[in-house]
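Worksheet for the structure shown next.
Every number in this text was worked out from the coordinates using simple rules, so none of it is lab data. Computed from a predicted model, the values in this text were never measured in an experiment. Cβ placement follows ideal geometry from the backbone for every residue including glycine, while neighbour counts extend to all protein chains displayed.
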Amino acid sequence: MIFNLGSINSDLVYGLPHFPAPGETLSAINHRRGLGGKGANQSIALARAGATVTHIGAVGPDGAWMTDQLRCAGVECDHIQQLDCASGHAVIYVDPHGENSIVIYPGANVALRDNDVMVALAQAGPDDILVLQNETSALLSAARAAHAKGMFIAYSAAPFDAQAVRDILPYLSLLLCNEGEARQLSQALGLEVSAIPVKHLVITKGAKGAVWLDPAADPITVPSFKVIPVDTTGAGDTFAGYLVAGLSEGKSPANAMHLASAAAALSVTRAGAADAIPTRAEVDAFWAAQPKE
Ligand code: RIB
């Protein structure tokens, strides 16, 4: 079983001709609302990959549609609380190249209490996995409890906060970050990236692929797939969810990375965050259609 303590956001997405300069007023080309939040996106990716996932999180009274969408995707939602505050939301700008710029309002995501998470994790055991990102409260207590149970713990260091990573690092089995986050963390710790003290480190590099670093083995590098990007929002979450799902199936790190890379590539060809995450059948078909060496 995979437990994901994660954010649930209403994504308000604006397609723009370019990112606004300070003081500039811009008219959006298009606008839509959809399910997002790094946590919700990762739960959807896990479920669409075929994993059994319980989401631990919170929404406000305005967030029932988001819980419904998670449930419809096959995510177990018994540990999503409805709290008396606004749901988390994100304002997302997407430029014509598919690049994004995101501002989040955490809302209910940071009103989760340690005890809520402990109740959810009470049923977990050493063969289970805990997935975390840096958009909710109760992260450290969740990591400590899962570590004490011997669970595999995967953490996405986003939004990046050096102190948050420093605090949680001793409990992690797998740290996921992008190139910029890896650079910031290495500077904050005063260590080379390859010396960051964690069992497994995965660095995603967008169009340049991804690398799996393990102090005890050679790096594993996977290339990215060539696609025409429409919207890169949630690509990292799709990668993280599919990677953890692949590992939980017993795939080797290299094979799980390839699966994750294919899923992330497909996601950027579509608009939105959770809405853009492909099913396992779509990923398998995409993979099968790739030219073989
Ligand atoms: O990683 C993409 C996500 O970041 C968006 O869905 C947004 O809600 C923010 O959490």
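Most mobile of 180, 241, 34 per a Gaussian network model of the chain (Cα springs, under 10 Å)?
Between 180, 241, 34, it is 180 that shows the largest mean-square fluctuation.
If I build a Gaussian network model for the chain, linking alpha-carbon pairs within less than 10 angstrom, which residue out of 26, 259, 189 has the largest mean-square fluctuation?
Residue with maximal mean-square fluctuation among 26, 259, 189: 26.
For the range 70-171, just run the numbers: alpha carbon Rg, then divide by 2.2 N^0.38 Å, N being how many residues it has.
1.20
Pull out the extension gain between residue 280 and residue 119, defined as 0.36 nm times the separation in residues minus the alpha carbon to alpha carbon distance; nm, one decimal.
54.9 nm
Looking only at 207, 271, 58, which one moves most when the chain is put into a Gaussian network model with springs between Cα atoms under 10 Å?
207
Please quote Rg/Rh for the chain to two decimal places, taking the Kirkwood radius as Rh and restricting both calculations to Cα atoms.
0.95
Over 27 Å between C-alpha atoms is what I'm after, so list which of 38/205; 38/251; 149/208 land there.
Beyond 27 Å: 149/208.
For the range 223-293, what class follows from the C-alpha gyration tensor (a ≥ b ≥ c being the square roots of its eigenvalues): rounded when a/c is under 1.5, otherwise prolate if a/b is larger than b/c, else oblate?
Here the range 223-293 falls in the oblate category.
Would you list the membrane-span-like helices of the chain, meaning whole DSSP H runs whose alpha-carbon atoms span at least 18 Å along their axis and whose mean Kyte-Doolittle value is at least -0.5?
Counting only whole DSSP H runs, the qualifying helices are 235-248, 253-267.
Find how much the distance from residue 144 to residue 110 grows on full extension, using 0.36 nm per residue of separation minus their present alpha carbon separation; answer in nm with one decimal.
Residue separation times 0.36 nm, minus the Cα-Cα distance, leaves 10.4 nm.
Averaged over all directions, how much area does the convex hull of the C-alpha atoms of the range 1-96 cover when projected, in nm²?
7.2
Give me the net charge for the shell around residue 250: Cβ to Cβ below 15 angstrom, other residues only, Lys and Arg +1, Asp and Glu -1.
Local charge sum for residue 250: -2.
Just rank 136, 238, 232, fewest to most, by other beta-carbon atoms within 10 angstrom.
Ranking 136, 238, 232 by Cβ neighbours within 10 Å, fewest first, gives 232, 136, 238.
If you average 1/r over all unlike Cα pairs in the range 80-134 and invert the result, what Kirkwood radius do you get in angstrom?
14.1
Using a/c under 1.5 as the rounded threshold, could you call the range 1-45 rounded, prolate or oblate? The axes a ≥ b ≥ c are square roots of the C-alpha gyration tensor eigenvalues, and prolate needs a/b larger than b/c, oblate otherwise.
Judged from the Cα gyration tensor, the range 1-45 comes out prolate (a/c at least 1.5, a/b above b/c).
Taking a temperature of 20 °C and a viscosity of 1.002 mPa s, what whole-number D in µm²/s does Stokes-Einstein yield for the range 150-237 with Rh from Kirkwood over alpha carbon pairs?
In µm²/s, the coefficient rounds to 157.
Hey, got a sec? Which GluC sites (Glu not before Pro) in the range 131-201 land in a DSSP loop and have at most 10 other Cβ atoms within 10 Å?
192
Dividing the convex hull volume of the Cα atoms of the range 160-293 by its residue count, what figure in Å³ per residue is obtained?
Output value, Cα hull per residue: 117 Å³.
Checking the a/c ratio against 1.5 first, then a/b against b/c, what shape does the Cα gyration tensor give for the range 49-113?
oblate
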